[in-house]
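Let me begin by presenting the structure, written as structure tokens, before commenting on it.
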Amino acid sequence: MLAPLSAAMLWSAPARPGEPPQLSWDKPVRCIRSPDGGAVRVQCEPGPEGERCLVAPDHLAYDGGALDKVQPCNVVEDASAYRALTARGARLVAAIPEAPPGYARSADGKAFQVKFDLLNRLYLGASWLPTFHGNNGLPVPASFPLGRGRAEAGIHVSVLSTRSRARHDLRILEGTATFDDLELSGVLLSYDYQHLHRRPAHWLSTFVGKPRLYPISPRIGWGFRVVSVNDRPPARRDTLDVEFGEVHLAWNPWQSNDMYSHIRLEAGADLGEYWEHRSEIDDGLDTGALYVGPTSALKSRFSLGEGGLHALSTAFTYRRPSIAAGSGRGEVMNRIEATIAYEGILLAINDQPISLRLAAMGVSRNDLDSDIRDVEVKAAAGLRVSFWAPPRVFEPMPVFEDP
């Protein structure tokens with residue numbers, strides 16, 4: 001019969017090759033008073049070599065404090081239950097306590113987050129932002145702003161509904177401020193909806209050759225933006241562009257089974273006002289040029305792995321507004337923007353992740369009637385601190401959706 005393991009011995013038990021075993025999160029836990037008076041957490045299961053019991057301490061090793069993020073005890077028993085285990089020859093194995101999905105537990109009992117859902121967070125960031133810009137092409141400017149920096153902040157919220165097989169993405173109060181030449185940009189609110197229906201919306205019948213029936217399940221979504229601002233862009237230091245609103249339909253030609261990753265095509269329209277000389281706004285909000293026109297975008301988002309530690313995103317947008325009222329009425333403009341960005345989590349402080357973000361961006365503004373084309377090319381390298389990002393949980397959609 002094996003000698004009993006005391007609670008004090010569990011943390012100092014030598015580890016076998018590889019990691020020590022861990023109690024399962026999804027199995028009942030018995031809390032038992034050990035012979036030395038300490039409490040242990042026990043999970044037992046039969047095996048070919050007899051009953052095997054994982055025994056983990058019910059306290060932190062470094063200060064004896066209570067464990068956090070553990071399952072409630074299924075039963076609480078006294079030392080007689082522990083003696084009964086050893087009496088019937090159960091094999092007692094020193095283990096570490098259970099941890100919830102998205103968390104791991106250190107050898108001394110501390111739970112720490114190892115997966116992060118960066119679609120749900122409040123973030124603050126700072127980055128180096130060298131910028132290349134020019135007018136009517138790309139001549140190298142006399143002063144190339146290698147020392148340009150940027151501060152950024154935003155709130156991301158993403159809600160996945162497995163019942164309706166839909167995901168709702170929101171971005172709230174997302175903005176940047178660039179220095180040493182001040183440029184402000186931001187969005188008050190943006191929303192995107194996508195779904196992954198399995199029940200066909202339409203049935204296509206073909207009669208060339210043998211009649212065949214094909215299900216059609218279009219991945220159609222929609223979204224909108226409210227109040228998007230770009231003030232003092234590098235190539236036009238005196239302008240202000242305020243997009244009051246934008247609405248679009250979307251089609252996802254591909255999306256992952258949990259809709260975390262996707263490729264998305266959008267088509268819509270926007271309404272806004274543009275001030276060629278931003279000081280004119282002091283004379284009233286109606287002094288700018290009111291524009292309206294079509295918008296389109298090709299976007300993608302990829303989670304590189306199920307842990308949420310690495311992500312890659314791209315966005316290509318095209319706007320073609322026309323001046324509907326004000327200076328330059330009837331003039332048509334092209335607005336093109338492209339971004340590719342990588343974000344990877346480096347470390348976390350008290351489960352608040354710090355990530356490295358690398359990005360390349362390009363912007364072109366072309367006023368067709370005046371034949372003025374402004375171009376900006378930017379590279380960004382910086383850090384983001386995210387707060388309250390929950391664990392990334394991979395939730396594939398059920399095979400069948402509810403009626």
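The values are calculated or read from the model by the stated rules, or taken from the named source; none is laboratory data. Treat the numbers as computed from the prediction; the structure is a model and nothing was measured. Neighbour counts are summed over all protein chains in view; Cβ atoms, including those assigned to glycine, are modelled from backbone coordinates with ideal geometry. The area values use the complete protein model at the heavy-atom level, side chains included, leaving out ligands, DNA and RNA. Shrake-Rupley method; radii C 1.70, N 1.55, O 1.52, S 1.80 Å.
Per the listing LEU184, LEU118, LEU170, the residue uniquely outside any loop (DSSP other than H, G, I, E, B) and out of contact with any Phe, Trp or Tyr (no Cβ under 7 Å at 6 or more places or on another chain) is LEU184.
Among the residues of the stretch 171-212, just one is hydrophobic (A, V, I, L, M, F, W, C), modelled with pLDDT of 85 or more and buried (at least 18 other Cβ atoms within 10 Å of the Cβ), namely VAL187.
Cβ separations smaller than 7 Å between residues 6+ apart or across chains give the following pairs from the stretch 297-315 residues that are closer than 23 Å to GLU266 by Cβ and at pLDDT 95 or above to residues that are of a type in the set (Phe, Trp, Tyr) and open to solvent by 20 Å² or more (accessible area, probe 1.4 Å): ALA297/PHE316; LEU298/PHE316; ALA311/PHE302; LEU312/PHE302; LEU312/TYR342.
Out of the residues in the stretch 33-65 that are under 16 Å from VAL76 (Cα atoms), out of contact with any Ser or Thr (no Cβ under 9 Å at 6 or more places or on another chain) and aliphatic (A, V, I, L, M), which is surrounded by the most Cβ atoms within 10 Å (Cβ to Cβ)? So the residue we want is ALA56.
Search the stretch 340-351 for residues being in contact with a strand residue (DSSP E or B) (Cβ under 7 Å, 6 or more places away or on another chain) and open to solvent by 50 Å² or more (accessible area, probe 1.4 Å), and hand back the single one that is farthest from ALA235 (Cα to Cα).
Here the answer is LEU347.
Taken over the stretch 231-260, the residue count meeting the criterion of being over 18 Å from ALA297 (Cα atoms), polar (S, T, N, Q) and crowded, with 18+ Cβ neighbours inside 10 Å is 1.
Residues that are open to solvent by 40 Å² or more (accessible area, probe 1.4 Å), in contact with a Lys or Arg (Cβ under 8 Å, 6 or more places away or on another chain) and outside any loop (DSSP other than H, G, I, E, B) were ranked within the stretch 133-156; the one that is modelled with the highest pLDDT is ILE155. Just one of the listed residues (ALA289, ALA325) is open to solvent by 20 Å² or more (accessible area, probe 1.4 Å) and out of contact with any Cys (no Cβ under 7 Å at 6 or more places or on another chain), and it is ALA325. SER322 meets the conditions (1) free of Cβ contacts under 8 Å to residues at least 40 places away in the same chain; (2) within 30 Å of PRO390 (Cβ to Cβ); (3) touching a strand residue (DSSP E or B) at 6+ places or on another chain (Cβ under 6 Å) in every case but one. The failed one is (2). Does THR314 fit the bill of being surrounded by 17 or more Cβ atoms within 10 Å (Cβ to Cβ) and among the β-branched types (Val, Ile, Thr)? It is false that THR314 is surrounded by 17 or more Cβ atoms within 10 Å (Cβ to Cβ) and among the β-branched types (Val, Ile, Thr).
Restricting attention to the stretch 24-36, the residues being touching a residue at least 12 places away in the same chain (Cβ under 8 Å) and assigned to a loop (DSSP other than H, G, I, E, B) number 8. Out of the residues in the stretch 157-170 that are among the charged types (D, E, K, R) and open to solvent by less than 40 Å² (accessible area, probe 1.4 Å), which is modelled with the lowest pLDDT? Among residues in the stretch 157-170 that are among the charged types (D, E, K, R) and open to solvent by less than 40 Å² (accessible area, probe 1.4 Å), the one modelled with the lowest pLDDT is ARG165.
Across the stretch 85-132, the qualifying residues are those that are surrounded by 20 or more Cβ atoms within 10 Å (Cβ to Cβ) and among the hydroxyl-bearing types (Ser, Thr, Tyr), and the one among them that is farthest from ALA360 (Cα to Cα) is TYR123. Restricting the stretch 201-249 to residues that are out of contact with any His (no Cβ under 8 Å at 6 or more places or on another chain) and aromatic (Phe, Trp, Tyr), the residue that is nearest to THR317 (Cα to Cα) is PHE244.
Within the stretch 68-84, no residue that is closer than 20 Å to GLY37 by Cβ and open to solvent by 80 Å² or more (accessible area, probe 1.4 Å) sits with its Cβ atom under 9 Å from a residue that is part of a loop (DSSP other than H, G, I, E, B) and among the charged types (D, E, K, R) at 6+ positions apart or across chains.
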